[in-house]
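Peer 1: Questions regarding the structure given below will be posed in turn.
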There are 2 protein chains.
Amino acid sequence: MNEHPAPHPRPDAPAVKVALLGCGVVGSQVARLLHEQADDLTARVGARVELVGVAVRRLGLTRDVELPEDLFTTDAHALVTREDVDVVVELIGGIEPARSLILAALEHGASVVSANKALLAEDGSTLFEAAERAHRDLYYEAAVAGAIPILRPLRESLAGDQVTRVLGIVNGTTNFVLDRMDSSGAGFDEALQEAQDLGYAEADPTADVEGFDAAAKAAILASLAFHTRVTAADVHREGIAEVTASDVASAAEMGCVVKLLAICAVQDGPDGPSVSARVHPAMIPRSHPLASVREAYNAVFVESEAAGQLMFYGPGAGGSPTASAVMGDLVTVARNRLSDVRGAGESSYADLPVLPMGSTETRYHVQIDVDDKAGVLAAVAQAFAEHGVSIQTVRQEGRGDDAQLVVVSHRASDADLAATVETLRGMANVRDVSSVMRVEGEAE
Amino acid sequence: MNEHPAPHPRPDAPAVKVALLGCGVVGSQVARLLHEQADDLTARVGARVELVGVAVRRLGLTRDVELPEDLFTTDAHALVTREDVDVVVELIGGIEPARSLILAALEHGASVVSANKALLAEDGSTLFEAAERAHRDLYYEAAVAGAIPILRPLRESLAGDQVTRVLGIVNGTTNFVLDRMDSSGAGFDEALQEAQDLGYAEADPTADVEGFDAAAKAAILASLAFHTRVTAADVHREGIAEVTASDVASAAEMGCVVKLLAICAVQDGPDGPSVSARVHPAMIPRSHPLASVREAYNAVFVESEAAGQLMFYGPGAGGSPTASAVMGDLVTVARNRLSDVRGAGESSYADLPVLPMGSTETRYHVQIDVDDKAGVLAAVAQAFAEHGVSIQTVRQEGRGDDAQLVVVSHRASDADLAATVETLRGMANVRDVSSVMRVEGEAE
């Protein structure tokens with residue numbers, strides 16, 4: 001047997017009592033792990049971790065995990081305010097009643113582990129301040145990119161570094177759809193149907209496809225990376241419903257792949273640094289580590305001053321992977337409870353201004369259908385120049401009496417790029433601006 | 001300005017005083033970051049972080065960072081035992097005097113941050129026990145895979161999960177060499193020369209090429225992943241000097257790439273679970289996330305029961321990336337000092353037996369030059385069967401009066417596979433077993 005003194009368990013330590021809100025796909029896996037790994041948890045935490053109650057909407061349902069019936073209750077508020085509850089694990093999602101329950105739990109002395117990205121992105125500050133007042137932890141690794149440890153590395157491992165940019169594939173549904181379009185040439189509708197058939201997309205896919213889910217995660221990532229309060233409302237958001245098979249083919253011709261990216265960056269300006277957060281489809285080079293993220297996997301690519309380029313990759317959703325992230329938080333929060341300390345909390349000390357999308361710098365890939373006449377290319381180039389947008393490459397293909405120009409710009413403000421496209425659309429020899437997409441992931 | 005109460009800094013908190021051992025490539029970057037990010041560190045730690053001394057071998061040298069001359073000393077022992085030093089950052093490497101200095105620092109009440117993989121892999125337990133006795137932290141994120149946050153995720157983020165396997169590319173030099181061999185068809189010597197010319201390999205590349213560096217990291221990873229004491233001596237080690245251009249080409253034909261992998265796994269057996277740790281070149285499928293790790297980058301691929309497959313990617317060496325990892329540890333350790341707590345320490349409660357290499361299960365890719373005669377394939381197949389090794393695929397290519405057989409086995413014990421190769425070498429119609437390489441990275 002172990003001849004060395006193990007730091008844990010302490011035989012005199014009381015059990016850490018856990019209340020679970022929600023017993024669905026994730027909650028049932030958390031309950032399963034609490035049971036199956038009880039001995040390991042005891043060794044790692046330094047005390048037994050005991051599930052003392054599960055709040056559900058309806059009693060008597062069949063669940064994915066077997067639990068004693070008397071653990072279940074429909075009175076979530078009574079559960080989270082119980083005197084003996086040390087940690088509340090919130091897995092019900094949405095804004096209310098989740099917010100009120102978390103606040104009540106903190107006020108009554110419980111620490112909280114949550115996977116609620118929507119609530120954290122909309123009103124994280126209310127929760128963080130309540131946790132600070134209560135001297136309790138609020139951990140939420142599972143809210144972004146499922147099983148992938150990304151929030152803790154941002155908050156702790158990179159705490160002595162300066163993060164400059166975060167590029168994330170943080171929505172598995174849209175990555176699955178775009179990956180299918182890339183690998184099979186399918187159109188958006190067909191690929192979405194396949195995702196739905198395989199269970200990667202919901203019947204109403206709006207939250208994923210329109211980028212709402214990714215935008216919430218972008219807000220959380222930007223807040224942590226830049227020590228600045230960024231909410232979902234601050235995030236510029238475009239979904240993937242407009243991405244066509246032709247866009248994907250055009251990206252492939254450029255050696256690129258189309259991904260829905262959550263991009264958070266610090267940008268220096270005359271008035272000092274500011275941050276931006278946005279979610280939109282973008283072309284990235286196939287050589288970029290994010291380009292090889294296939295199917296419904298997630299990955300977060302982090303650029304920092306000292307570390308350089310890091311990437312964190314893994315499953316971004318699913319009951320068991322998400323439960324892994326919840327359990328990691330639970331172990332830390334339980335350990336902190338036993339020592340009566342808080343982990344590294346949120347901070348917004350940097351308090352940087354959030355740039356509007358128009359001021360954010362990016363690059364455009366623009367496909368323009370034009371009349372195949374002398375002087376058209378010059379006129380198009382002039383439109384870019386007028387708005388101060390520098391062109392990196394132009395490719396021209398004649399097709400009978402019309403031609404297609406594919407222009408890739410250098411970095412410019414999104415407003416100048418948008419104004420250029422507007423000017424192009426009004427030009428006499430321009431038949432159509434058939435595609436506009438941002439290009440990301442290249443060295444700054 | 002920030003209208004919300006920031007948790008930090010506390011105006012009444014004393015400074016956290018840091019002593020640095022070593023001011024070379026990494027140490028000078030740590031000193032630079034301590035200076036340049038002083039305000040951010042104060043906000044993140046909750047108190048000023050002050051560099052109070054730097055121990056070096058010789059005074060008066062020009063360094064990569066400008067520091068007041070009176071910070072330098074050649075008396076490292078006096079520095080680490082100073083009453084006012086809160087944290088010692090050990091960056092001198094090697095076993096002694098690093099071990100004695102770390103032990104002295106802990107005994108005198110300092111917490112320690114170290115990047116010393118050799119020492120941790122050889123005698124980590126002595127250090128962990130000293131830290132435990134002193135109620136101080138010993139953190140060492142920088143010891144494995146440079147800037148990549150991997151130890152903290154293993155120790156904390158996955159603390160509520162069960163890690164089953166870790167596959168790591170943890171040595172940048174060998175990855176650069178193998179990547180060049182793969183992309184250019186170069187032989188080992190030529191690729192190594194290129195690595196040396198570019199500064200990716202040292203003049204004496206033994207520690208990297210022969211796998212000593214990776215083996216130390218494998219021991220650290222296995223210890224953390226499986227809560228079991230694994231030392232460098234427990235790690236089976238083979239380097240890349242025997243990898244030929246033909247091996248790399250043969251891997252390519254199979255849709256694979258050759259990587260030097262550090263592999264740590266839990267294996268169930270009749271007497272319960274046991275662990276294995278090994279470093280050797282292996283073929284992995286090009287579709288595996290590790291296959292796309294190019295040049296001198298590192299990546300660690302983690303498989304766990306609940307999370308599934310995760311990968312952590314980034315620069316595995318270099319002054320500034322390694323300093324990022326050191327600084328992340330420093331922030332946590334400093335925070336813990338202010339609260340007078342320890343972070344999650346090491347644990348070896350699982351205390352699993354370490355399997356010898358012969359009992360480890362793996363797969364072999366074997367190239368056999370044989371006489372092109374009837375019955376040879378049957379005889380070769382019989383040799384595998386005799387040793388209980390099941391064949392997955394055989395490819396045969398005739399070349400005049402001889403032929404080449406390429407056999408890929410199913411999983412079997414390394415001893416049975418080695419015995420099979422031994423038998424093949426003694427067979428009448430076998431001219432040569434020209435290449436033997438393990439195959440990894442496929443689903444179990």
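Peer 1: Kindly indicate whether any position in the stretch A:129-147 is hydroxyl-bearing (Ser, Thr, Tyr) and under 26 Å from A:GLU303 (Cα atoms).
Peer 2: yes
Peer 1: Among the numbered criteria (1) at pLDDT below 95; (2) under 30 Å from A:THR228 (Cβ atoms); (3) crowded, with 16+ Cβ neighbours inside 10 Å, which single criterion is violated by B:PRO11?
Peer 2: (3)
Peer 1: Now, a different point. Those residues that are at positive phi and touching a residue at least 60 places away in the same chain (Cβ under 8 Å), I need them from the stretch A:89-128; list them, please.
Peer 2: A:GLY93
Peer 1: Sticking with this one: Taking the criterion of being without any contact (Cβ under 8 Å) to a residue 40 or more places away in the chain, under 30 Å from B:VAL18 (Cα atoms) and in contact with a Pro (Cβ under 9 Å, 6 or more places away or on another chain), would at least one residue in the stretch A:129-138 satisfy it?
Peer 2: Scanning the stretch A:129-138 turns up no residue that is without any contact (Cβ under 8 Å) to a residue 40 or more places away in the chain, under 30 Å from B:VAL18 (Cα atoms) and in contact with a Pro (Cβ under 9 Å, 6 or more places away or on another chain).
Peer 1: Name the strands (runs of 3 or more DSSP E) wholly inside the stretch A:259-345 in which the number of residues that are of a type in the set (Val, Ile, Thr), under 23 Å from B:LEU290 (Cα atoms) and more than 7 Å from chain B (Cβ to nearest Cβ) is 2 or more.
Peer 2: Output list reads A:297-304.
Peer 1: With respect to the numbered conditions (1) farther than 18 Å from B:SER339 by Cβ; (2) touching a residue at least 12 places away in the same chain (Cβ under 8 Å); (3) acidic (Asp, Glu), which one is the sole condition not fulfilled by B:ASP86?
Peer 2: Single failed check for B:ASP86: (1).
Okay, residues lined up against (1) over 20 Å from A:ALA241 (Cα atoms); (2) buried (at least 24 other Cβ atoms within 10 Å of the Cβ):
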{"residue": "A:LYS259", "(1), (2)": "no, yes"}
{"residue": "A:PRO270", "(1), (2)": "yes, no"}
{"residue": "A:SER274", "(1), (2)": "yes, no"}
{"residue": "A:ARG278", "(1), (2)": "no, yes"}
{"residue": "A:PRO281", "(1), (2)": "no, no"}
{"residue": "A:ARG286", "(1), (2)": "yes, no"}
{"residue": "A:PRO289", "(1), (2)": "yes, yes"}
{"residue": "A:SER292", "(1), (2)": "yes, no"}
{"residue": "A:VAL300", "(1), (2)": "yes, yes"}
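Conditions (1) at pLDDT below 95; (2) of a type in the set (A, V, I, L, M, F, W, C), marked per residue:
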position: B:LEU61; (1), (2): yes, yes
position: B:GLU69; (1), (2): yes, no
position: B:THR81; (1), (2): no, no
position: B:VAL87; (1), (2): no, yes
position: B:LEU119; (1), (2): no, yes
position: B:GLY124; (1), (2): no, no
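Okay, residues lined up against (1) out of contact with any strand residue (DSSP E or B) (no Cβ under 8 Å at 6 or more places or on another chain); (2) crowded, with 24+ Cβ neighbours inside 10 Å; (3) at pLDDT below 95; (4) more than 12 Å from chain B (Cβ to nearest Cβ):
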{"site": "A:VAL166", "(1), (2), (3), (4)": "no, yes, no, yes"}
{"site": "A:VAL170", "(1), (2), (3), (4)": "no, yes, no, yes"}
{"site": "A:VAL177", "(1), (2), (3), (4)": "yes, yes, no, yes"}
{"site": "A:ALA186", "(1), (2), (3), (4)": "yes, no, no, yes"}
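Peer 1: Output the residues belonging to the stretch A:334-350 that are in contact with a Ser or Thr (Cβ under 6 Å, 6 or more places away or on another chain) and more than 14 Å from B:ARG342 (Cα to Cα).
Peer 2: A:SER348, A:ALA350
Peer 1: Testing B:ASP372 on (1) surrounded by fewer than 17 Cβ atoms within 10 Å (Cβ to Cβ); (2) modelled with pLDDT of 90 or more; (3) of a type in the set (D, E, K, R), one condition comes back false. Which one is that?
Peer 2: (2)
Each row is one residue, and each column tells you yes or no for (1) under 22 Å from A:GLU156 (Cα atoms); (2) buried (at least 24 other Cβ atoms within 10 Å of the Cβ).
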residue	(1), (2)
B:PHE72	no, no
B:GLU90	yes, yes
B:ALA110	yes, yes
B:LEU119	no, yes
B:GLU122	no, no
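Peer 1: Only one residue in A:GLU242, A:GLU238, A:GLU253 is of a type in the set (D, E, K, R), out of contact with any Lys or Arg (no Cβ under 7 Å at 6 or more places or on another chain) and buried (at least 17 other Cβ atoms within 10 Å of the Cβ). Which one?
Peer 2: A:GLU238
Peer 1: Still on this structure, please answer the following. Report yes if some residue within the stretch A:371-382 is touching a Gly at 6+ places or on another chain (Cβ under 6 Å), over 30 Å from B:ALA325 (Cα atoms) and touching a residue at least 24 places away in the same chain (Cβ under 8 Å); otherwise report no.
Peer 2: Yes, the conditions are met somewhere in the stretch A:371-382.
The values are calculated or read from the model by the stated rules, or taken from the named source; none is laboratory data. For clarity, every value in this text was computed on a predicted model and none was experimentally measured. All Cβ positions, glycine included, derive from the backbone under ideal geometry; neighbour counts span all protein chains shown.
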